[in-house]
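*Asks:* Sharing a structure, written as structure tokens. Questions coming.
The values are calculated or read from the model by the stated rules, or taken from the named source; none is laboratory data. No experiment lies behind these values; they were computed from the predicted model shown. Cβ placement follows ideal geometry from the backbone for every residue including glycine, while neighbour counts extend to all protein chains displayed.
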């Protein structure tokens, strides 16, 4: 089920200091539970996730936690910033080196992330399927897993190059999908549920 995604694009820009200041201010004033991200000169604010979103994330995380490299820790809703791109993204779940998670700033170098995992929001699916798909590839995050409870599908993208991933694997809820090294396991999708 893997297929090649072609036409990589180079995207190397830096965040303007004023934009970073505005992003930090938006994070500071956002109500609790609101996710704040920055991409392409735009600040994106999203409400807290639903119970189905959180349930599905729990069942994914419990499996990833069992297979994570020992020196990596899970983190939910941590900001990832890339020196290659003017972007700050906030995946639902990622894994970062233990030693990177010692400061209080809350923004981490995207190059350190092993994977970005997103549960698609029914109110804004193009954010995960278009914007983050492009941004995570540009940010050199090796694996991007999208769980879309609207149609009960899970998609794994791997091998980033420019603004594209070269490999895509799709599965339905109830099946399994192979997660490559450094995790190296078959992710069981049986306990994931669709939006009602």
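*Asks:* Taking region 146-178, which residues are crowded, with 21+ Cβ neighbours inside 10 Å and either in contact (Cβ under 8 Å) with a residue 40 or more places away in the chain or over 24 Å from residue 96 (Cα atoms) (or both)?
*Replies:* Listed by number, the residues that qualify are 147, 149, 157, 165.
*Asks:* Go through (1) more than 19 Å from residue 182 (Cα to Cα); (2) surrounded by fewer than 18 Cβ atoms within 10 Å (Cβ to Cβ) for residue 112 and report which single condition fails.
*Replies:* Going through the list (1) more than 19 Å from residue 182 (Cα to Cα); (2) surrounded by fewer than 18 Cβ atoms within 10 Å (Cβ to Cβ), residue 112 breaks only (1).
*Asks:* Working only within region 66-96, note down all residues that are over 19 Å from residue 145 (Cβ atoms) and modelled with pLDDT of 95 or more.
*Replies:* Step one: list which residues in region 66-96 are over 19 Å from residue 145 (Cβ atoms), which gives 70-71, 81, 83-86, 88.
Correct list: 70, 71.
*Asks:* Regarding residue 102, is this residue under 13 Å from the mean Cα position of the chain (by Cα) and farther than 15 Å from residue 20 by Cβ? Write out each step before concluding.
*Replies:* Numbers: under 13 Å from the mean Cα position of the chain (by Cα): no; farther than 15 Å from residue 20 by Cβ: yes.
Spelling it out, it is not the case that residue 102 is under 13 Å from the mean Cα position of the chain (by Cα) and farther than 15 Å from residue 20 by Cβ.
*Asks:* Which condition breaks for residue 58 when tested against (1) assigned to a helix (DSSP H, G or I); (2) in contact with a strand residue (DSSP E or B) (Cβ under 9 Å, 6 or more places away or on another chain); (3) modelled with pLDDT of 90 or more?
*Replies:* (2)
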